[in-house]
Structure formats: C-alpha cells, structure tokens
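S.K.: Take a look at the following structure, please.
The values are calculated or read from the model by the stated rules, or taken from the named source; none is laboratory data. Since the model is a prediction, treat every value here as computed from it, not as a measurement. Here the Cβ positions follow ideal geometry from the backbone for every residue, glycine too, while neighbour counts run over all protein chains shown.
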Amino acid sequence: MPPKKPNKFIAPVVIAGITVGFLASAYKFVFAKPKKKSQENEHVEAQADLYTDSESSQPKSEE
C-alpha cells in the first residue's frame with residue numbers, strides 16, 4: 001500500500017487566514033478613532049465621583 005499524500009490545500013488556507021486576521025487587527029489598531037478613550041475617561045470619572053460622594057456622606061468617627 002503506497003503512503004498517503006499529504007493534503008497541500010489546507011495549510012496555505014490556514015496560513016492565509018491567520019495572516020489576513022493579523023493584518024485586519026493591525027489595521028484596526030493603527031487607524032482606530034480615539035473615541036473610545038473619551039468614553040472610558042468619562043466612565044472612570046463618574047466612578048471616582050461616586051466613590052468620593054459615598055465617602056463624604058458617611059459619618060466620620062471622632063477619637
């Protein structure tokens with residue numbers, strides 16, 4: 001029985017798919033708009049305000 005030939009179609013397709021995925025991710029990273037940063041900053045500031053408000057509303061213990 002002769003040895004089975006390896007499938008030479010799947011490997012190039014997998015490599016091409018990985019390459020396309022990598023290039024798409026790199027493109028998104030390089031050309032992404034900085035809109036998301038401002039939303040994150042607003043979210044962090046809102047959390048900071050909630051934290052400072054909750055501290056000021058608690059009664060302080062006197063020693």
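S.K.: Do you know which residues across region 19-34 are assigned to a helix (DSSP H, G or I) and either of a type outside the set (D, E, K, R) or touching a residue at least 12 places away in the same chain (Cβ under 8 Å) (or both)? Write out each step before concluding.
M.R.: Initial filter on region 19-34 (assigned to a helix (DSSP H, G or I)): 19-31.
The answer is THR19, VAL20, GLY21, PHE22, LEU23, ALA24, SER25, ALA26, TYR27, PHE29, VAL30, PHE31.
S.K.: For ASN41, are the conditions met, namely being surrounded by 10 or more Cβ atoms within 10 Å (Cβ to Cβ) and either modelled with pLDDT under 75 or part of a loop (DSSP other than H, G, I, E, B) (or both)?
M.R.: Details: surrounded by 10 or more Cβ atoms within 10 Å (Cβ to Cβ): yes; either modelled with pLDDT under 75 or part of a loop (DSSP other than H, G, I, E, B) (or both): yes.
Yes: the conditions hold for ASN41.
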